[in-house]
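Reading through the structure tokens given below for one structure.
The values are calculated or read from the model by the stated rules, or taken from the named source; none is laboratory data. Note that this is a predicted model, so its numbers are computed, not measured. Every residue, glycine among them, receives a Cβ derived from its backbone with ideal geometry; neighbour counts consider all protein chains shown. Remember, those area values only see protein heavy atoms, side chains included, never the ligands or the DNA or RNA. Shrake-Rupley method; radii C 1.70, N 1.55, O 1.52, S 1.80 Å.
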Amino acid sequence: VGGISEEGGWVTPFKLDPGNASRMYAGFDNVWRTDNVKAGTVAWTSISNFGGTDNCVDVAIAPSDNNVMYVSRYDGEFYRTANAQAGSPNWTDLSANLPSTSTPKDIEIDPLDEDHLFIAVSLDIYESTDGGQSWSNYSGSLPNVSLNTIVIDQNSPAEAMYVGMDLGVYYRDMNSADWEAYYTGLPNIEVTELEIYYNTTDCRSAIFAATYAQGL
């Protein structure tokens, strides 16, 4: 479609550029970019050359600098670029710095700092403050089950963060000593995706959880 010559994963990651609503990135074996996603005919260009045929798992663009992007692949590889909008972006392979040989399932970047990010790896969440050069375990007392998704509230002065796991949602912010359960009324079920809808004008912001087998 639109010039993409590779197969994507069962769930192919795609992200809109936070600074340009017409620009989108999609992860197949490589990262593909279009600058006219709203057009009737969309043309895609490959902007990486990772090698191999392993699909991308997640693609994340920094809200504070939309030239900065992180990508994870099923072969355990992890990449960063600081010029994603260039014709041929330069990618840095950070795979050797990862805290685990498991593939990062989700990448979440601090809204205010492109070098501050979190990754969901197997049963844990890890934090980096230097652009993926080093990592520290941020799991605290989270239950020992799969951690699937991470979201940061961009409007929270306390840097509120939520994670979705195989048995619910947990919450933490900069004033918290540890994680706390955040799933009253939610079935004891696998949460695969978390997204925040922002509506501060009417005070109607909301967090949505996609689950396995029981919908949204």
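Would you mind stating whether A26 is at pLDDT 95 or above, of a type in the set (G, A, S), open to solvent by less than 50 Å² (accessible area, probe 1.4 Å) and closer than 18 Å to I150 by Cα?
Values: at pLDDT 95 or above: yes; of a type in the set (G, A, S): yes; open to solvent by less than 50 Å² (accessible area, probe 1.4 Å): yes; closer than 18 Å to I150 by Cα: no.
No; evaluated as a whole, the condition is false for this residue.
Against the definition (of a type in the set (A, V, I, L, M, F, W, C), under 26 Å from S5 (Cβ atoms) and not in a loop (DSSP other than H, G, I, E, B)), how does V71 come out, yes or no? Break it down stepwise before answering.
Values: of a type in the set (A, V, I, L, M, F, W, C): yes; under 26 Å from S5 (Cβ atoms): yes; not in a loop (DSSP other than H, G, I, E, B): yes.
So V71 fits the description; yes.
Looking at (1) within 24 Å of E193 (Cβ to Cβ); (2) modelled with pLDDT under 95, which one does G51 not meet, given that it meets all the others?
(1)
So which residues in the stretch 182-216 are touching a strand residue (DSSP E or B) at 6+ places or on another chain (Cβ under 9 Å), among the hydrophobic types (A, V, I, L, M, F, W, C) and in contact (Cβ under 8 Å) with a residue 12 or more places away in the chain?
Within the stretch 182-216, L186, I189, V191, L194, I196, I207, F208, A209, A210 qualify.
I need the strands (runs of 3 or more DSSP E) fully contained in the stretch 141-183, keeping only those with at least 2 residues that are out of contact with any helix residue (DSSP H, G or I) (no Cβ under 9 Å at 6 or more places or on another chain) and over 18 Å from L117 (Cα atoms).
On the way: elements: 147-152, 161-165, 168-172.
The qualifying strands (runs of 3 or more DSSP E) are 168-172.
So that you can scan it fast, the table gives a plain yes or no per residue for (1) in a loop (DSSP other than H, G, I, E, B); (2) open to solvent by less than 30 Å² (accessible area, probe 1.4 Å); (3) in contact (Cβ under 8 Å) with a residue 12 or more places away in the chain; (4) among the β-branched types (V, I, T):
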| residue | (1), (2), (3), (4) |
| --- | --- |
| K15 | no, no, yes, no |
| V42 | yes, no, yes, yes |
| N66 | yes, no, yes, no |
| Y79 | no, yes, yes, no |
| A84 | yes, yes, yes, no |
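Of all residues in the stretch 189-216 being farther than 26 Å from V57 by Cβ and over 21 Å from the mean Cα position of the chain (by Cα), which is modelled with the lowest pLDDT?
Step one: list which residues in the stretch 189-216 are farther than 26 Å from V57 by Cβ, which gives 199-206.
If we keep only those that are over 21 Å from the mean Cα position of the chain (by Cα) too, we end up with 199-204.
Values: N199: 92, T200: 84, T201: 88, D202: 89, C203: 87, R204: 90.
Only one residue tops the list, namely T200.
Report yes if some residue within the stretch 103-126 is small (G, A, S), farther than 27 Å from W32 by Cα and part of a strand (DSSP E or B); otherwise report no.
Going residue by residue through the stretch 103-126, those that are small (G, A, S) are 120, 122.
Subsequent filtering for residues that are farther than 27 Å from W32 by Cα retains none.
No - not one qualifying residue is present in the stretch 103-126.
Please go through (1) within 27 Å of F14 (Cβ to Cβ); (2) open to solvent by less than 30 Å² (accessible area, probe 1.4 Å); (3) out of contact with any Gly (no Cβ under 8 Å at 6 or more places or on another chain) for L117 and return the number of the only condition it doesn't satisfy.
(3)
Does the stretch 44-64 hold any residues that are in a loop (DSSP other than H, G, I, E, B), open to solvent by 40 Å² or more (accessible area, probe 1.4 Å) and among the β-branched types (V, I, T), and which are they?
T53
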